[in-house]
Amino acid sequence: DLSVSWLGQTMPGCLYNASGVWCREEAELEAVRTSAAAAVISKSATLSAREGNPEPRYHRTALGSINSMGLPNHGFAYYLDYARRYDYGCGKPLFLSLSGMTLDDNLIMLRTLAAAGLPAIPEVNLSCPNVPGKPQLGYDFVTTTEALNAFDRAWPGRYGVKLPPYFDPAHFAAMADILNRHPRLAFVTCINSIGNGLVVDVDSESVTIKPKDGLGGLGGDYVLPTALANVREFYRLLPGKDIVGCGGVKSGKEAFMHILAGARAVQVGTCLHHEGPAAFARIAAELAALMLAKGYRSLEAFRGKLRTL
Ligand code: DHB
């Protein structure tokens, strides 16, 4: 049984897409919804549509991916319209990723979504690394504090945030202190890509993507240990909140690791980009087989039970 009860509902599994992957077009969102995924999240929306950064802006490697997409999206109204027509009766929650270019834009989107009165749940993105000149919000604790205080006034329900990866216990603790002041902040998604990596091609002696002279967000195998550290640390530091694990999931094994580290649900990014929505049924079957071999009948049986030495 891979079902997950959280956010006041039970969803049929624990896997869904990471925002940004297979979710910019309505046809992609519907392909995720009608796959073995247990939920759907849309591409990070800005208030107005964006073309994104110049190509090439995504590059696959043997160990994962580097991207600097630059928030190409159809604009908030497109995803709100999808949310108005979404089949909530299918039992798969719909999350809307919001990534305004300014705090005001995020507040306008949250207020508009609230006025629409839909069951869609916002995941506010505090961690886009790919807009030239715009630092990742989640690395600025003062601005993050102000943003969350404003979100509380703009949005009356439960919501979540997508965090960048942190690399120091002092930063885990400081961010947890901020997040714990917000009772309606129900979940945090850990992690966004490891920002501003550089993948070099030896043959051409060149960078592999065009924006930011080659700097981009890393996903895939590169990020799994960092993702697990963030999931485990925030699982311990945020009692009463759910952690959504994201980073390096390409089989049932990595999904199991994320849940063992404390994840309530698990998102798939780079692997979904490379394999398409068929990845969800494969990974779910592998996770079920691993659980059967270990004698676990539910995710609750091992969630957060990672052993230390
Ligand atoms: C993009 C990348 C991200 O990691 C993110 O959180 C939002 C947007 C992008 O480049 O489109």
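The values are calculated or read from the model by the stated rules, or taken from the named source; none is laboratory data. Quick caveat: nothing in here was measured; it's all calculated off a predicted structure. In this analysis, Cβ positions are derived from the backbone assuming ideal geometry, glycine residues included, and neighbour counts consider all displayed protein chains. Note: areas computed on protein heavy atoms with side chains; ligands, DNA, RNA excluded. Shrake-Rupley method; radii C 1.70, N 1.55, O 1.52, S 1.80 Å.
Looking only at the stretch 260-276, which residues are among the hydrophobic types (A, V, I, L, M, F, W, C) and farther than 12 Å from residue 229 by Cα? Full working, then the answer.
First pass over the stretch 260-276, keeping only residues among the hydrophobic types (A, V, I, L, M, F, W, C): 260-261, 263, 265-266, 268, 271-272.
Of everything in the stretch 260-276, those that are among the hydrophobic types (A, V, I, L, M, F, W, C) and farther than 12 Å from residue 229 by Cα turn out to be 265, 266, 268, 271, 272.
Among the residues of the stretch 77-107, count how many are under 22 Å from residue 146 (Cα atoms), among the hydrophobic types (A, V, I, L, M, F, W, C) and in contact with a strand residue (DSSP E or B) (Cβ under 6 Å, 6 or more places away or on another chain).
Going residue by residue through the stretch 77-107, those that are under 22 Å from residue 146 (Cα atoms) are 96-107.
Filter once more, so that each one left must be among the hydrophobic types (A, V, I, L, M, F, W, C): 96, 98, 101, 103, 107.
Filter once more, so that each one left must be in contact with a strand residue (DSSP E or B) (Cβ under 6 Å, 6 or more places away or on another chain): 96, 98.
Residues meeting the conditions: 2.
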**Study point:** Breaking point among (1) out of contact with any Asp or Glu (no Cβ under 8 Å at 6 or more places or on another chain); (2) under 24 Å from residue 248 (Cβ atoms); (3) surrounded by 15 or more Cβ atoms within 10 Å (Cβ to Cβ), for residue 147
**Key:** (2)
Revision key, fill the gap. Of (1) free of Cβ contacts under 8 Å to residues at least 60 places away in the same chain; (2) within 16 Å of the ligand (Cβ to nearest atom); (3) open to solvent by 60 Å² or more (accessible area, probe 1.4 Å); (4) over 19 Å from residue 269 (Cα atoms), residue 75 satisfies every one except (3)
Check your understanding: Taking the stated definitions as given, is residue 62 surrounded by fewer than 15 Cβ atoms within 10 Å (Cβ to Cβ) and among the aliphatic types (A, V, I, L, M)?
Key -> yes
Practice item. Quickly run through the stretch 131-166 and pick out the residues that are touching a residue at least 40 places away in the same chain (Cβ under 8 Å), assigned to a loop (DSSP other than H, G, I, E, B) and under 13 Å from residue 192 (Cα atoms). Key: 136, 165, 166
Review point. Applying the selection to the stretch 102-140, what residues are within 18 Å of the chain's Cα centre (by Cα) and among the polar types (S, T, N, Q)?
Key: 106, 125, 127, 130, 136
Exercise for review: From the list 86, 78, 82, 16, pick out the single residue that is at pLDDT 95 or above, within 22 Å of residue 190 (Cβ to Cβ) and among the aromatic types (Phe, Trp, Tyr).
Suggested key: 16
Review point. Is it the case that residue 65 is within 16 Å of the ligand (Cβ to nearest atom), closer than 20 Å to residue 163 by Cβ and of a type in the set (S, T, N, Q)?
Key: yes
Review point. Given the conditions (1) assigned to a helix (DSSP H, G or I); (2) open to solvent by 20 Å² or more (accessible area, probe 1.4 Å), which single one is not true for residue 176?
Key: (2)
Revision key, fill the gap. The correct count of residues that are within 19 Å of the chain's Cα centre (by Cα) and either at positive phi or charged (D, E, K, R) (or both) in the stretch 141-179 is 2
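Could you tell me whether the stretch 231-253 includes any residue that is part of a helix (DSSP H, G or I), under 15 Å from the mean Cα position of the chain (by Cα) and either within 16 Å of the ligand (Cβ to nearest atom) or surrounded by fewer than 18 Cβ atoms within 10 Å (Cβ to Cβ) (or both)?
Filtering the stretch 231-253 down to residues part of a helix (DSSP H, G or I) leaves 231-237, 252-253.
Filter again for under 15 Å from the mean Cα position of the chain (by Cα), leaving 231, 234.
With the extra rule that they be either within 16 Å of the ligand (Cβ to nearest atom) or surrounded by fewer than 18 Cβ atoms within 10 Å (Cβ to Cβ) (or both), the set shrinks to none.
Checked the stretch 231-253: no residue is part of a helix (DSSP H, G or I), under 15 Å from the mean Cα position of the chain (by Cα) and either within 16 Å of the ligand (Cβ to nearest atom) or surrounded by fewer than 18 Cβ atoms within 10 Å (Cβ to Cβ) (or both).
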